[in-house]
Amino acid sequence: AQSVTQLDSHVSVSEGTPVLLRCNYSSSYSPSLFWYVQHPNKGLQLLLKYTSAATLVKGINGFEAEFKKSETSFHLTKPSAHMSDAAEYFCVVSENFNKFYFGSGTKLNVK
Amino acid sequence: EAQVTQNPRYLITVTGKKLTVTCSQNMNHEYMSWYRQDPGLGLRQIYYSMNVEVTDKGDVPEGYKVSRKEKRNFPLILESPSPNQTSLYFCASSFGRAGAEAFFGQGTRLTVV
């Protein structure tokens, strides 16, 4: 069975400092992994995805994530936070094409 | 422009009054699904469809119905809404293959009083 754990429900950083949003997953097979962002009153936008190619994945707006199979982690990072990054972020796992498993979300506050 | 369109965006209704939330995609995706989003729970899948006339239950299907008569449309039907169905609903679509990302609609905020 699959599950996704986002280790922090809220993260607060100062503008210009690094961002780290943590995600651990469990999966029986080789998963596809995604990060989505949701700005207030908006839909979900894909930030980046991992599908068994390079383990370091670059996404939009300067975000990147590293797939670590040994740690079953897919943490999202950004070197320097911007005020516009304030949003809720979801880590998502998919083993097959018919279901996406969502973490409970991490709200990022940028001061 | 590639998009998933949901309507309405906001809806307030009364308990027991049947309603339909429409979802349409213009990307020729085989796979479509509905999710509900509740605080602290992330998104949970209600129903999904792998193609026309093929639908199946997700994790929280009780109180909902769907149909897939055309590839582009996947309406969500609440035959007798109850207050515990007050939530934010998202429709999503994707190509039916491993690794394909999901594209989401803008969401429908439903309040049942």
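The values are calculated or read from the model by the stated rules, or taken from the named source; none is laboratory data. Keep in mind it's a predicted model, so treat the numbers as computed, not measured. Virtual Cβ from ideal backbone geometry, glycine too; neighbours counted across all protein chains shown. Accessible surface is based on the protein model in full, side chains and every heavy atom, while ligands, DNA and RNA are left aside. Shrake-Rupley method; radii C 1.70, N 1.55, O 1.52, S 1.80 Å.
Within the range B:1-11, can one find any residue that is farther than 16 Å from B:Cys91 by Cβ and out of contact with any helix residue (DSSP H, G or I) (no Cβ under 7 Å at 6 or more places or on another chain)? The answer is yes; a qualifying residue exists. Can you find a residue in the range A:39-47 that is part of a strand (DSSP E or B), farther than 14 Å from A:Val110 by Cβ, more than 11 Å from chain B (Cβ to nearest Cβ) and modelled with pLDDT under 95? Checking the range A:39-47: not a single residue is part of a strand (DSSP E or B), farther than 14 Å from A:Val110 by Cβ, more than 11 Å from chain B (Cβ to nearest Cβ) and modelled with pLDDT under 95.
Taking the range A:49-58 on its own, how many of its residues are part of a strand (DSSP E or B) and either at positive phi or more than 13 Å from chain B (Cβ to nearest Cβ) (or both)? So that I can check it myself, show each step before the final result.
Here is the first cut: in the range A:49-58, the ones part of a strand (DSSP E or B) are A:49-50, A:56-58.
Among the residues that remain, those that are also either at positive phi or more than 13 Å from chain B (Cβ to nearest Cβ) (or both) are: A:56, A:58.
Final tally of qualifying residues: 2.
Of the strands (runs of 3 or more DSSP E) that lie entirely inside the range B:4-107, those containing 3 or more residues that are buried (at least 16 other Cβ atoms within 10 Å of the Cβ), within 12 Å of another protein chain (Cβ to nearest Cβ) and within 14 Å of the chain's Cα centre (by Cα) span B:31-38, B:42-51, B:87-94.
Residues in the range A:21-38 that are at pLDDT 90 or above, open to solvent by less than 60 Å² (accessible area, probe 1.4 Å) and either away from chain B (no Cβ under 12 Å) or over 14 Å from the mean Cα position of the chain (by Cα) (or both): A:Leu21, A:Asn24, A:Tyr25.
Residues are listed down the side, and each one gets a yes or a no for (1) of a type in the set (Asp, Glu); (2) open to solvent by less than 20 Å² (accessible area, probe 1.4 Å); (3) without any contact (Cβ under 8 Å) to a residue 24 or more places away in the chain:
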{"residue": "A:Val4", "(1), (2), (3)": "no, no, no"}
{"residue": "A:Val11", "(1), (2), (3)": "no, no, no"}
{"residue": "A:Pro40", "(1), (2), (3)": "no, no, no"}
{"residue": "A:Leu47", "(1), (2), (3)": "no, yes, no"}
{"residue": "A:Ile60", "(1), (2), (3)": "no, no, yes"}
{"residue": "A:Glu64", "(1), (2), (3)": "yes, no, yes"}
{"residue": "A:Lys68", "(1), (2), (3)": "no, no, yes"}
{"residue": "A:Lys78", "(1), (2), (3)": "no, no, no"}
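Scanning the range A:59-111 for residues that are part of a loop (DSSP other than H, G, I, E, B) and either on the phi > 0 side of the Ramachandran plot or within 14 Å of chain B (Cβ to nearest Cβ) (or both) yields A:Gly59, A:Thr72, A:Glu95, A:Asn96, A:Phe97, A:Asn98, A:Lys99, A:Phe100, A:Gly103, A:Ser104, A:Gly105. Going by the conditions given, is A:Thr51 open to solvent by 50 Å² or more (accessible area, probe 1.4 Å) and in contact with a Gly (Cβ under 8 Å, 6 or more places away or on another chain)? Spelling it out, A:Thr51 is indeed open to solvent by 50 Å² or more (accessible area, probe 1.4 Å) and in contact with a Gly (Cβ under 8 Å, 6 or more places away or on another chain). Of all the criteria given as (1) open to solvent by less than 60 Å² (accessible area, probe 1.4 Å); (2) under 15 Å from the mean Cα position of the chain (by Cα), the one not satisfied by A:Tyr101 is (1).
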